[in-house]
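What follows is a set of notes on a single structure, which appears directly below.
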Amino acid sequence: GATKAYIYIRGEYREAELLLASALEATRPELGVDIEIRRGAGAYICGEETALFNSIEGFRGQPRQKPPFPTEAGLFGAPTLINNVETFAAIPAIVRDGGDAFAQLGTKDSTGLKLFCISGNVASPGVCQVEFGVTTRDLISLAGGVTGEMQAVLTGGAAGSFLTEAQLDIPLTFEGAHDAGISVGSGAILVFNTSVDMGKVTHRIAEFFAHESCGLCVPCRVGTSNQLDIVGRIRDGTDTHADRNNLDNIGWVMCDASI
């Protein structure tokens, strides 16, 4: 019964917005629903569904407390179905071929297909669509293998998990990743060879989250800034034993006390 839909695009993706607007204009008579594109200001936090609602409504992109959940009171207070583009893109095949056919893909608890973006020190970076259950090693092979000697792999984006060589054969499913304590996340796979300074990578990630904290809750707002300071001292060699303990403690507090 929905008559209105919104597609939210990060502010940096101007070219994608123009292409999408052109496609919508060409197909608008057939859609049966009014679709409006809303452009965000590029905040990482607006990947969280309720922060995205706030952004579309013209407010600061900060998460809302739940409940109520989006299906009860979402965008502009109306019941709202919200998913990413990848999830919605799976719907036509399910409608056409049926749910049973979709469930035959992937694994019992992680059905269907998944997009993975493979970049970094690989021969052929790019995006591939595979069934759930492949391993990180499989994906690296699809990208032509590692250039140089492998050092580590980051899965699931900046908030994901660093894997060692020994962890590359863990099945990339929701249940497999959960059991192993790693992340599938957005499907990003970033490969680092031994020429990469991992201290620099870690500092850049800490810098990113200190900058992108929405500032709503103190543990994250202050914690990300303190993490960045400590990681900087570790890189400079001026850290103390207390710094290392504090880095762990800050992480636990942020996990337990942030929204």
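The values are calculated or read from the model by the stated rules, or taken from the named source; none is laboratory data. Please read all numbers here as calculations on a predicted model, not as lab measurements. Don't worry about glycine lacking a Cβ; one is built from the backbone with ideal geometry, like all the others, and counts go over all protein chains shown. These area figures cover heavy atoms from the full protein model, side chains too; ligands, DNA and RNA do not enter into them. Shrake-Rupley method; radii C 1.70, N 1.55, O 1.52, S 1.80 Å.
Take the residues in segment 25-39 that are at pLDDT 90 or above and in contact with an Asp or Glu (Cβ under 9 Å, 6 or more places away or on another chain); name whichever of them is surrounded by the fewest Cβ atoms within 10 Å (Cβ to Cβ).
Residue satisfying both the conditions and the ranking: Ile37.
Being assigned to a strand (DSSP E or B), open to solvent by 40 Å² or more (accessible area, probe 1.4 Å) and hydrophobic (A, V, I, L, M, F, W, C) narrows it down to one residue among Ile94, Ile7; which is it?
Unique residue meeting the criteria: Ile7.
Could you say which residue among Ile250, Ile205 is more than 30 Å from Thr87 (Cα to Cα) and within 23 Å of the chain's Cα centre (by Cα)?
Answer to the check: Ile250.
Just checking, does segment 224-232 include any residue being under 29 Å from Ser124 (Cα atoms) and under 19 Å from the mean Cα position of the chain (by Cα)?
no
Looking at Thr164, is it of a type outside the set (A, V, I, L, M), more than 17 Å from Ser124 (Cα to Cα), open to solvent by 60 Å² or more (accessible area, probe 1.4 Å) and out of contact with any helix residue (DSSP H, G or I) (no Cβ under 6 Å at 6 or more places or on another chain)?
yes
Mind counting the residues in segment 192-223 that are within 27 Å of Val127 (Cβ to Cβ), β-branched (Val, Ile, Thr) and either open to solvent by 60 Å² or more (accessible area, probe 1.4 Å) or in a helix (DSSP H, G or I) (or both)?
Within segment 192-223, residues that are within 27 Å of Val127 (Cβ to Cβ), β-branched (Val, Ile, Thr) and either open to solvent by 60 Å² or more (accessible area, probe 1.4 Å) or in a helix (DSSP H, G or I) (or both) number 4.
Checking Asp248 against (1) over 15 Å from Ile45 (Cα atoms); (2) surrounded by 15 or more Cβ atoms within 10 Å (Cβ to Cβ), which single condition isn't satisfied?
It fails just one condition, (2).
Filter segment 134-145 down to the residues that are among the hydrophobic types (A, V, I, L, M, F, W, C) and either closer than 15 Å to Asn193 by Cα or open to solvent by less than 20 Å² (accessible area, probe 1.4 Å) (or both) and list them by number.
Leu139, Ile140, Ala143
Which condition does Thr111 not pass, out of (1) of a type in the set (S, T, N, Q); (2) within 30 Å of Pro67 (Cβ to Cβ); (3) open to solvent by less than 40 Å² (accessible area, probe 1.4 Å), if it passes all the others?
It is condition (3) that Thr111 fails.
Which numbered condition in (1) without any contact (Cβ under 8 Å) to a residue 60 or more places away in the chain; (2) assigned to a loop (DSSP other than H, G, I, E, B); (3) crowded, with 17+ Cβ neighbours inside 10 Å; (4) out of contact with any Pro (no Cβ under 6 Å at 6 or more places or on another chain) is the only one that Phe102 fails?
Unmet for Phe102, out of (1) without any contact (Cβ under 8 Å) to a residue 60 or more places away in the chain; (2) assigned to a loop (DSSP other than H, G, I, E, B); (3) crowded, with 17+ Cβ neighbours inside 10 Å; (4) out of contact with any Pro (no Cβ under 6 Å at 6 or more places or on another chain): (2).
Identify all residues within segment 134-178 that are modelled with pLDDT of 95 or more, in a helix (DSSP H, G or I) and not polar (S, T, N, Q); write none if there are none.
Within segment 134-178, Arg137, Asp138, Leu139, Ile140, Leu142 meet the criteria.
Restricting the search to segment 146-161, which residues are open to solvent by 30 Å² or more (accessible area, probe 1.4 Å) and aliphatic (A, V, I, L, M)?
Val146, Met150, Ala158, Ala159
Being part of a loop (DSSP other than H, G, I, E, B), open to solvent by less than 80 Å² (accessible area, probe 1.4 Å) and within 13 Å of Leu216 (Cα to Cα) is the filter here, so list the residues in segment 50-82 that pass it.
Gly61, Gln62, Pro63, Arg64
If the requirement is being within 30 Å of Thr111 (Cβ to Cβ), modelled with pLDDT under 95, β-branched (Val, Ile, Thr) and not in a helix (DSSP H, G or I), which of these qualifies: Ile182, Ile189?
After ruling out the rest, the residue left standing is Ile182.
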